[in-house]
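Scroll down for the structure; my scribbles are underneath it.
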Amino acid sequence: MSSTIDAAETLDVKGKNCPMPVVETKQAVDDLGAGEVLEVLATDPGSVNDIAGWASSTAEVELLDQVEGEEVYRHYVERTA
Amino acid sequence: MSTDTPAPEEPSRADLAARVEELEAELTDVTAELSELRTEAADAAQAAAEATETAAEASEAAADAAENSEQMVIVATQGTLDMAYPPLILASTAAAFGYDVTVFHTFWGLEVLHEEHAGELELSAVGNPNLSVPNAVAALPGMDAVTTRMMRRKIEANEVASIEELIRTSLDTGVDLQACQMTMDLFGYEEDDFFDGVTTGVGAATAFQKMTDADVQLLV
């Protein structure tokens, strides 16, 4: 499954479990410039709700999309400012 | 006594004129020096004023940051392999949410911060009905090691982060991991026994003061 979102960086947390997908996503987003998008590749099923929850209560971050593939979940997070 | 008597070695007019000239030259030098010093003093005063202003701005910004950041305090009292996880997982997660996080480790919780013990935390099946080992068997010598090995295998197979990894992540993301001074003394631990970055020299009052300001307080 492909996405039309143009990501500046990709973070691979496949295999890693709670809390690392959210913790590493936060660290990677901190390194983005304003308006850039991070693509997160995860296998943890909990990452879908966790990254959505994190993004909705974190300032200057917007969850653009979550794509559920066969084995890998792709999350697209934008740093808005 | 007579005014007619000439004073011995009365200076001549020429001598006096020379002396006046000399003094005038000295006065000019002193005046120049004074004006130089005045300029320097004025510069220093201005620099001091600027520094004070910068410091005031910085402390205001720090106060704003402290006020804006939400806080969580966890009191971690347990040192078994299973119970070491929840405080560290919540702490690193809350830090990712932008929280200012403090974990106050006391009693067996100190084991989690101990550089040599953190990787050797154990789990007991005794009194733990969640593990399918009868108490009579679980109480046999060496069974804690067996139970611990089983748990570690599960943790590795599921790629769950290790305790050391979570401690490093927590410290890297700004979590303040604190070691209770009273229990450190009780167990004979020194600051050097703990991971670099662990805060020592804190007691219940520090923890409580943090808790009164915190949005989330947990005892684990």
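Taking θ as phi - 60° and the Karplus parameters 6.51, -1.76 and 1.60, the scalar couplings of the stretch B:184-190 work out to 4, 5, 4, 8, x, 8, 10 Hz in sequence order, x denoting glycine and proline. Taking other C-beta atoms within 10 angstrom as a stand-in for reagent exposure, B:199, B:212 fall in the order B:212, B:199, fewest first.
The Cα-based radius of gyration and maximum Cα-Cα distance (Dmax) for the stretch A:9-79 are 10.7, 31 Å. Around the amide H of residue B:122, modelled in the peptide plane, lie the amide H atoms of B:81, all under 5 Å away and 5 or more residues distant in sequence or on another chain. Straight-line reach from residue B:154: taking Cα to Cα under 20 Å and skipping same-chain neighbours fewer than 8 places apart, the lysines in range are A:14, A:16.
Proximity of backbone amide H atoms, modeled 1.01 Å from N, is registered between residue B:194 and B:115 at under 5 Å, excluding neighbours fewer than 5 places apart on the same chain.
Put the Cα centre of the stretch A:21-81 next to the Cα centre of the stretch B:109-152 and the gap is 36 Å.
Can you give the percent of C-alpha pairs in the stretch B:12-68 whose distance is more than 17 Å? So the pairs more than 17 Å apart make up 65 percent of the total in the stretch B:12-68. Using only alpha carbons, the protein assembly as shown has a radius of gyration to Kirkwood radius ratio (Rg to Rh) of 1.40.
DSSP finds beta bridges in chain B, and of those with both partners inside it, around 5 percent are antiparallel.
Whole-Hz Karplus values for the stretch B:113-126 come out as 8, 6, 4, 8, 8, 4, x, 10, 5, 10, 10, 10, 8, 5 Hz, taken residue by residue from phi with 6.51 cos²θ - 1.76 cosθ + 1.60 and θ = phi - 60°; glycine and proline positions read x. Basic side chains Lys and Arg get +1 at the Cβ, acidic Asp and Glu get -1 at the Cβ, and with that the dipole of the protein assembly as shown about its Cα centre reaches some 2300 debye.
Ordering B:210, A:14, B:154, A:26 from the fewest to the most neighbouring beta carbons within 10 Å gives B:154, A:14, B:210, A:26.
Relative contact order for chain A: what is it in percent, counting Cα pairs under 8 Å that are at least 6 residues apart? Relative contact order here is 34 percent. Under 5 Å from the amide H of residue B:103 lie the amide H atoms of B:74, B:176, B:177, B:178, each residue being 5 or more positions distant or on a separate chain, with H modelled from the backbone and absent for Pro and chain starts. Can you pull a Stokes-Einstein diffusion coefficient for the stretch B:72-149 at 25 °C (0.890 mPa s), Rh from Kirkwood over Cα pairs, as a whole number of µm²/s? D = 178 µm²/s.
Each semi-axis of the equivalent ellipsoid for the stretch B:70-219 is √(5λ) with λ an eigenvalue of the Cα gyration tensor; in descending order they amount to 28, 17, 14 Å.
Only the coordinates and a few stated rules stand behind these numbers; no lab work does. What you see is a predicted model, and the numbers here were worked out from it, not measured in a lab. All Cβ positions, glycine included, derive from the backbone under ideal geometry; neighbour counts span all protein chains shown.
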